[in-house]
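K.L.:
Next up is a structure, given as structure tokens.
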Amino acid sequence: MFTSTIFRGVGRAVIRASALRSSPNTFNRAAFGAATRSFSVTSSARKDEKGEHGEYEKMLTGAKPGAAGDHEGSFSRTDKRIQVEYPEEADYPRGQPVQGRGGFHFKRTLASFSLEDKVAVVTGGARGLGLVMSQACVVSGADVAIVDLNKEEGERQAQLIMQTFKDENPGADLIPKVTAHYADVSDPESVKGTMAEIVESHGKVDHLVTSAGFTENFDAIQYPIDRVRKLWSVNVDGTYLWACEVAKHLMERKASGNIVMIGSMSGAIVNVPQPQAPYNAAKAAVRHLASSLAVEWAHAGIRVNVISPGYMLTALTKKILDENPELHRKWVSLIPQGKMGRPEDLMGAVTFLLSDAAEYITGADLRVDGGYTIT
């Protein structure tokens, strides 16, 4: 008896590759619904299973016997026609602090989630995911040093974050200290100098969030090697250099601390339809770097973890999707929750991993992806 018990093992792949396949560029809702309704399959669907190519095979492939068309597997392929370059500084859209997430409240929660009396460094903290996580640290009680290639934007955001905190916490005695610092995260001397500047300003560093990074979309064969090297140096070298600098500082102080590296679900899966092989490899490197350093620095009380976001609607992503609406439709069709994430969905995740609430968690990869990587 061929039952749905067996079919569950292949059902998801079948629905994605076959029921959604009507066109590489069209989401066939009717076919998806039919495939879902057909989830329970019995032997009656295989009446001619003794033949070389039976009805059951047709149901799985949707193709004539032995003649798979171009549409087969199209939803799991990259498309080399998609090409997106990371924008220049002047073209990067500005973000704003999240409203309504203010600090003091009277709902019960674990005291161990607090980041009071801590100093957190957030690289790439002037925009995108880094900006929201900078604010999360402030809301949770920490002082923050924003590190960014664009110091002017960093200073602007530092002022906005502090003003937002004041507006949402009138009469607060303690106002968080948020500073902005320039650094080229891929340059060891720049990282070292900026770290010294932060320590002079804040007195210490307890936590690090490595959010500096970027992605581009090029067919691998056509990707300019100088851009590949730049991508790798920012995403991987920058993460490694800052982690080492902060770990060294903590060890010299004989203090415990936490490092959260911002990876990506791309470090575990291959995104489609946009081609981005170097970025995927870079984020896989970040994920394993975190695991390795978690082991290496555990003796010093330094925890190292990774947050791997899925598709997030940052200001830059919104700009890209406004110009490529078909890309948005394809992405969302593969997310079980049926929607893209908001940058503020990372606020709880980063606060948790930096806080004492995660004291026994190190080397972990926390995926915030709406379920994308489990289907």
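The values are calculated or read from the model by the stated rules, or taken from the named source; none is laboratory data. No experiment lies behind these values; they were computed from the predicted model shown. Using ideal geometry, Cβ is built from the backbone for each residue, glycine included, and neighbour counts are taken over all protein chains shown.
K.L.:
Identify, please: which residue in region 102-132 is surrounded by 16 or more Cβ atoms within 10 Å (Cβ to Cβ) and of a type in the set (S, T, N, Q) and is, among those, modelled with the lowest pLDDT?
P.N.:
Ranking the qualifying residues of region 102-132, first place goes to Ser114.
K.L.:
Now, a different point. Just give me the residues in region 201-216 being closer than 15 Å to Asn280 by Cα and either surrounded by fewer than 24 Cβ atoms within 10 Å (Cβ to Cβ) or not assigned by TED's automatic domain parsing to the domain that holds Leu149 (or both), in sequence order.
P.N.:
Answer for region 201-216, where residues must be closer than 15 Å to Asn280 by Cα and either surrounded by fewer than 24 Cβ atoms within 10 Å (Cβ to Cβ) or not assigned by TED's automatic domain parsing to the domain that holds Leu149 (or both): Phe214, Thr215, Glu216.
K.L.:
In this structure, is Val185 part of a loop (DSSP other than H, G, I, E, B), more than 19 Å from the chain's Cα centre (by Cα), at negative phi and not small (Gly, Ala, Ser)?
P.N.:
no
K.L.:
Could you tell me whether Gly171 is farther than 19 Å from Leu241 by Cβ and either in contact with a Gly (Cβ under 7 Å, 6 or more places away or on another chain) or outside any strand (DSSP E or B) (or both)?
P.N.:
On the way: farther than 19 Å from Leu241 by Cβ: yes; either in contact with a Gly (Cβ under 7 Å, 6 or more places away or on another chain) or outside any strand (DSSP E or B) (or both): yes.
Against the criterion (farther than 19 Å from Leu241 by Cβ and either in contact with a Gly (Cβ under 7 Å, 6 or more places away or on another chain) or outside any strand (DSSP E or B) (or both)), Gly171 qualifies.
K.L.:
Among the residues of region 348-365, is there at least one that is surrounded by fewer than 16 Cβ atoms within 10 Å (Cβ to Cβ), touching a residue at least 12 places away in the same chain (Cβ under 8 Å) and over 30 Å from Glu252 (Cα atoms)?
P.N.:
The answer is no, given that none of the residues of region 348-365 is surrounded by fewer than 16 Cβ atoms within 10 Å (Cβ to Cβ), touching a residue at least 12 places away in the same chain (Cβ under 8 Å) and over 30 Å from Glu252 (Cα atoms).
K.L.:
Can we say Leu174 is out of contact with any Lys or Arg (no Cβ under 8 Å at 6 or more places or on another chain), over 24 Å from Leu313 (Cα atoms) and either outside the structural domain of Asp237 (by TED's automatic domain parsing) or of a type in the set (A, V, I, L, M, F, W, C) (or both)?
P.N.:
On the way: out of contact with any Lys or Arg (no Cβ under 8 Å at 6 or more places or on another chain): yes; over 24 Å from Leu313 (Cα atoms): yes; either outside the structural domain of Asp237 (by TED's automatic domain parsing) or of a type in the set (A, V, I, L, M, F, W, C) (or both): yes.
It is true that Leu174 is out of contact with any Lys or Arg (no Cβ under 8 Å at 6 or more places or on another chain), over 24 Å from Leu313 (Cα atoms) and either outside the structural domain of Asp237 (by TED's automatic domain parsing) or of a type in the set (A, V, I, L, M, F, W, C) (or both).
K.L.:
Still on this structure, I have one more. Can we say Ala220 is modelled with pLDDT of 95 or more, over 21 Å from Ala136 (Cβ atoms) and either of a type in the set (Ser, Thr, Tyr) or in the same structural domain as Ala349 (by TED's automatic domain parsing) (or both)?
P.N.:
In short, yes.
K.L.:
Taking the conditions exactly as written (surrounded by fewer than 20 Cβ atoms within 10 Å (Cβ to Cβ) and either more than 24 Å from the chain's Cα centre (by Cα) or within 30 Å of Tyr372 (Cβ to Cβ) (or both)), does Pro224 satisfy them or not? Give the derivation first.
P.N.:
On the way: surrounded by fewer than 20 Cβ atoms within 10 Å (Cβ to Cβ): yes; either more than 24 Å from the chain's Cα centre (by Cα) or within 30 Å of Tyr372 (Cβ to Cβ) (or both): yes.
So Pro224 passes the test.
K.L.:
Could you give me the residue pairs with C-beta distances under 6 Å whose first residue belongs to region 306-333 and is assigned by TED's automatic domain parsing to the domain that holds Asp369, whose second residue is hydroxyl-bearing (Ser, Thr, Tyr) wherever it lies, and which are 6+ apart or on separate chains?
P.N.:
Cβ pairs passing all conditions: Ser308/Ser264; Gly310/Tyr372; Trp331/Tyr311.
K.L.:
Here's a follow-up. Just one of the numbered conditions (1) of a type in the set (Lys, Arg); (2) outside any helix (DSSP H, G or I); (3) surrounded by 14 or more Cβ atoms within 10 Å (Cβ to Cβ) is not true of Lys330; which one?
P.N.:
The single condition Lys330 does not satisfy is (2).
K.L.:
Could you grab me the full set of residues in region 261-281 that are of a type in the set (A, V, I, L, M), free of Cβ contacts under 8 Å to residues at least 60 places away in the same chain and buried (at least 22 other Cβ atoms within 10 Å of the Cβ)?
P.N.:
Residue satisfying the conditions is Met261 alone.
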